[in-house]
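**Q** Handing you this structure, nothing more for now.
What follows is calculated from the coordinates using simple rules that are stated; it is not laboratory data. Remember, it's a predicted structure, so these values are computed and weren't measured experimentally. Using ideal geometry, Cβ is built from the backbone for each residue, glycine included, and neighbour counts are taken over all protein chains shown.
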Amino acid sequence: MHDDNNYTKLASLFICIMITIIKLSLSLSKSQRYSGYYGVRGKAIIVSALQHELVHKSRITRSDTHPLDELTFIQTILVPECSILL
């Protein structure tokens with residue numbers, strides 16, 4: 001039981017840190033946000049592809065990405081992950 005409580009506390013802390021990082025990154029202008037290896041154009045292509053496959057085909061919804069909206073989730077979570085995997 002003691003280990004479960006520590007795990008829950010660590011998970012909560014991790015979630016709070018991630019939300020803070022996301023809020024800070026969203027406070028930057030679009031030109032200040034890191035585009036990574038693929039650059040601004042590559043980022044736009046990845047976002048467009050993910051939106052088409054996930055949002056337009058209703059594979060993810062706002063409830064899936066809460067507390068973020070779908071586009072913010074795609075830009076801050078999925079694009080960096082896709083860039084790493086590519």
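**Q** Among the residues of segment 36-48, write down those that are in a helix (DSSP H, G or I) and either under 15 Å from the mean Cα position of the chain (by Cα) or surrounded by 15 or more Cβ atoms within 10 Å (Cβ to Cβ) (or both).
**A** Within segment 36-48, Gly42, Lys43, Ala44, Ile46, Val47, Ser48 meet the criteria.
**Q** I'd like to know if segment 55-74 contains one or more residues that are more than 23 Å from Ile15 (Cα to Cα) and crowded, with 17+ Cβ neighbours inside 10 Å.
**A** Checked against the condition, which is being more than 23 Å from Ile15 (Cα to Cα) and crowded, with 17+ Cβ neighbours inside 10 Å, segment 55-74 yields at least one hit.
**Q** Right, another one. Please enumerate the residues belonging to segment 63-86 that are assigned to a loop (DSSP other than H, G, I, E, B) and of a type in the set (D, E, K, R).
**A** Within segment 63-86, just Asp69 meets the criteria.
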